[in-house]
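To start, the structure under review is shown below, and the notes come after it.
The values are calculated or read from the model by the stated rules, or taken from the named source; none is laboratory data. This structure is a prediction, so every number in the text was calculated from the model and none was measured. Don't worry about glycine lacking a Cβ; one is built from the backbone with ideal geometry, like all the others, and counts go over all protein chains shown. The area values use the complete protein model at the heavy-atom level, side chains included, leaving out ligands, DNA and RNA. Shrake-Rupley method; radii C 1.70, N 1.55, O 1.52, S 1.80 Å.
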Amino acid sequence: MREKIIVALDVDTEQEALALVATLRDYVGAFKVGLQLYNNGGPAMVKRLVDAGTKVFLDLKFHDIPNTTARAAEAVVGLGAFMFNVHATGGRKMMAETALAARKRAAELGIAVPLLLGVTVLTSMSAEELRGEVGISRPLEEQVTSLARLCLVAGLDGVVASAREIPSIRAACGNDFLIVTPGIRPAWAAGDDQNRVATPKEALQLGADYLVVGRPLTAAAQPQEMAKRLLLELEG
Ligand code: C5P
């Protein structure tokens, strides 16, 4: 069960990240390096984490022209991340070229191809924001499902989506398609800025393949105790 938990290392320094990895590594499967840590520590830090035996999900959510995201994907493969992602709204061509570039580079290096996920709609976003601010008029769930289909067609391994959208994504994309869900909030944790949340147990029962958990663990006074509690909740 612990393999399904990915901890978001949303901290500023490599030192803080290493401390969290040391504290939590026996209770979780992987660690996510996102924009905050990456822009503080850079690619060399990611490489050091990987070389020290940490499974890293590099969450940089690429969204650019196909050539740029494809070349960036080659760099990600070189860093040894086991998972990375792009925004699905970048379109089919961008996603397909990125996936192809990652496969080619991994073959050249003789290493495993990292899993490539598409971000559908950020879990912090509400239906009102999506419609009123971003101008997407179709219902949020339809937007998520349609983008998930596009990811599948483009050759991606799966999507990042809220647990609430899992049933419709499964129906549209099948059981082999990975669903990685952030916005995980145990009943005993605060909601923070996440809007479309689920408890770990709910996400698992709905069929999530991986759960991304950040602040409920990393901002806790005793992260290890919280991780144990989380595992118990998942296994119970
Ligand atoms: O602290 P919290 O559990 O909310 O952290 C969730 C993590 O998942 C953050 O690092 C955030 O960047 C990331 N994420 C997200 N929604 C997405 C994709 C990634 O919250 N759609």
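Using all pairs of distinct alpha-carbon atoms, the Kirkwood hydrodynamic radius of the chain works out to 17.9 angstrom.
The distance linking the stretch 31-80 with the stretch 84-157 is 16 Å (Cα centroid to Cα centroid, whole angstrom). For the chain, the fraction of 1.4 Å probe accessible surface lying on carbon and sulfur atoms is 52 percent. Among 94-106, 128-140, 33-45, the peptide with the highest mean count of other Cβ atoms within 10 Å heads the list, and the full ranking is 94-106, 33-45, 128-140.
Taking a ≥ b ≥ c as the square roots of the eigenvalues of the alpha carbon gyration tensor, the stretch 66-154 is prolate, as a/c is not under 1.5 and a/b beats b/c.
Its alpha carbons give the stretch 168-236 an Rg and a Dmax of 12.7, 40 Å. Here, the stretch 1-71 is characterised by an Rg to Rh ratio of 1.01, where Rg is the alpha-carbon radius of gyration and Rh the Kirkwood radius. Between the amide H of Leu115 and those of Met83, Phe84, distances stay under 5 Å, these residues lying 5 or more places away or on another chain, with hydrogens modeled in the peptide plane.
Of the cross-linked pairs Lys32/Lys93; Lys55/Lys93; Lys32/Lys61; Lys93/Lys201, those separated by over 24 Å at the C-alpha level are Lys32/Lys93; Lys55/Lys93; Lys93/Lys201. For the listed peptides 19-26, 5-12, a ranking on the average number of other beta carbons within 10 Å per residue, highest first, reads 5-12, 19-26. Label separation (Glu128 vs Glu74): 4.7 nm, computed from points 7 Å beyond Cα along the C-beta direction.
The alpha carbons of the stretch 49-112 give a radius of gyration and a Dmax of 11.5, 35 Å, in that order. Springs join every pair of Cα atoms under 10 Å in this Gaussian network model of the chain, and among Ala72, Ala163, Ala203 the largest mean-square fluctuation is at Ala72. Here the extension length gained between Asn195 and Ala107 equals 27.7 nm, from 0.36 nm per residue of separation less the Cα-Cα distance.
Between Asn175 and Glu3, the modelled labels are 1.7 nm apart [label points 7 Å from Cα along Cα→Cβ]. On full extension, the segment bounded by Glu141 and Asn67 gains 23.7 nm, given 0.36 nm per residue less the C-alpha separation. Between Ala19 and Ala187, residue separation times 0.36 nm minus the direct Cα-Cα distance comes to 57.9 nm.
The dipole here belongs to the chain: it is taken about the Cα centre, uses +1 on the Cβ of Lys and Arg and -1 on the Cβ of Asp and Glu, and is about 440 debye.
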